[in-house]
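The values are calculated or read from the model by the stated rules, or taken from the named source; none is laboratory data. Values in this document were obtained by computation on a predicted structure and should not be read as measured data. Virtual Cβ from ideal backbone geometry, glycine too; neighbours counted across all protein chains shown. Note: areas computed on protein heavy atoms with side chains; ligands, DNA, RNA excluded. Shrake-Rupley method; radii C 1.70, N 1.55, O 1.52, S 1.80 Å.
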Amino acid sequence: MGWRARGSEIMETLTVNLGDRSYPIHIGDGILSRAGELLTQVGLRGKIAIVTNPTVAQLYLDQANEALTRSGFAVTPILLLEGEEHKDLKSLSVVYDRLIGDRFERKSGILALGGGVIGDLAGFAAATYLRGVPYVQVPTTLLAQVDSSVGGKTGVNHHDGKNLIGAFYQPKLVLIDIAVLKTLPRRELVAGLAEVIKYGIIDDPALFGRLEKEMQKIVGLDRELLARIIATSCAIKARVVEKDEREDDYRAVLNFGHTVGHALEAVTGYTRFLHGEAVGVGMVKAAAMSMQQGFCDEKDFARIQDLVKKAGLPSDIPGDVRMQDLVQSMEVDKKAGGGRIKFVMCAGIGKARFHWLAPGEILGALEA
Ligand code: NAD
Ligand code: GLY
């Protein structure tokens, strides 16, 4: 497991091109220690709040703090309670209180140090405090590195549903340090791989092929491979976001496997499956539906099912989950419109298309 530290090398830099809201994504090994220099490069200085949680703070707060202080930043650490259940307005208030208490101004910054929970919440705090302050994403889970830190979707949950309160607000910089993945529990790492597999299915047959060939090495944290698949994933996400930043239509292609996945998470009370695990099941079901509808062939379906299993993700709906409940949950999901539900279908590995299905058709497909 693991790799030898090689200083703090930037292995790849990408750009999300959104006019005056464009920003770099730096990917490297050990580059958290260069946070001060990299934040300065995008125009940040002065006060910076590091929003994080106790688990991540114990592992990486000192390193981040030291790197920023060395470059002259005045750091305010803000520790929030851990877990999806604390991605809420109460935690958001904690952030606002500290920013106001420490007299943060329009040019002061926020740095999200953590997984998607911290990234979404800190990003929304940045979008709303003083009508918007600059922020930086330092994602520490694989899921956050390949998905949630890029693209500017920020927000918190409401007790009636996930991510109901939020804003599109782009960061000034995404700093991806693959070295932090060494401490990530394997189950979380594997859950993040679901999103990487998704990018292969919707956009990139070469990425899909690499995952088929190299999955064992990736799960074993091969640094070159990790950096490569993260960079490829971020590049695909950046291209989608550049085409449709506010999800008027095309950005929904990123939801491949998520319609069934979200429903599975909801009907099992958000406790049984990690998001990526539910997406693993959802991708296999979406591939099966794509085959039933004639968009892809049996070989594509088999490759998707095999890769999901090879990654160590679940690939089937548990026997005690009622298909009817899943379909009902999809109907109340925000993707439902006009009685039919928008699905992302696989039109062959590397190609996606949208297709609308009636609830009865989905039920039939899931029970097939
Ligand atoms: P998470 O943020 O809950 O992190 C998972 C766990 O890993 C937590 O317990 C965390 O403390 C721990 N952790 C984080 N980094 C670690 C490290 N390096 N070493 C050891 N432990 C570490 O989960 P997640 O999967 O990263 O994010 C899920 C959230 O992301 C959800 O709220 C979801 O809605 C959101 N999301 C947002 C987008 C978007 O586009 N904004 C996309 C996908 C998901
Ligand atoms: N994770 C889906 C999106 O960013 O649109």
Other-chain or far-sequence residues with amide H under 5 Å of LEU313's (modelled H): none
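Rounded, prolate or oblate: which fits region 165-226, taking a ≥ b ≥ c as square roots of the Cα gyration tensor eigenvalues, rounded meaning a/c under 1.5, else prolate when a/b beats b/c? Provide the component values of the computation, followed by the final result.
Working: a/c = 1.91, a/b = 1.29, b/c = 1.48.
Because a/c hits 1.5 or more and a/b fails to exceed b/c, region 165-226 counts as oblate.
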Residues in region 8-41 reached by a label modelled at GLU224 [backbone nitrogen below 19 Å; 7 Å Cα→Cβ]: 8-13, 27-30
Highest average packing first - 31-43, 49-61, Cβ atoms within 10 Å: 49-61, 31-43
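Students often check this: by mean Cβ neighbours within 10 Å, which of 115-124, 160-169 ranks highest, and how do the rest follow? Present the calculation step by step, with values, prior to reporting the outcome.
Working: 115-124: 27.2, 160-169: 14.4.
Per-residue mean Cβ counts within 10 Å order the peptides as 115-124, 160-169.
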By average C-beta atoms within 10 angstrom, highest first, the peptides 145-152, 20-27: 145-152, 20-27
Positive-end residue, the chain charge dipole about Cα centroid, Cβ charges, pick of GLY152, ILE110, LEU226: ILE110
Listed residue (GLN293, GLN328, VAL267) projecting farthest to the positive dipole end of region 260-368, Cβ model: GLN293
The chain - accessible surface per residue (Å², probe 1.4 Å): 42
Acute angle (nearest 10 degrees) that the helix 298-311 long axis makes with the longest principal axis of the chain, alpha-carbon atoms: 40
Formal net charge of residues neighbouring GLY350 (Cβ-Cβ distance under 9 Å; K, R +1; D, E -1): -1
Charge dipole (debye, nearest 20) of the chain; +1 at Cβ of Lys and Arg, -1 at Cβ of Asp and Glu: 740
Mean ellipticity per residue at 222 nm, deg cm²/dmol - from DSSP H runs of n ≥ 4 across the chain, formula -39500 (n - 2.57): -13500 deg cm²/dmol
With every protein chain in place, the chain: carbon and sulfur % of accessible area (1.4 Å): 49
Degrees, to the nearest 10: 89-101 long Cα axis against longest axis of the chain: 20
Acute angle (nearest 10 degrees) that the helix 258-267 long axis makes with the longest principal axis of the chain, alpha-carbon atoms: 90
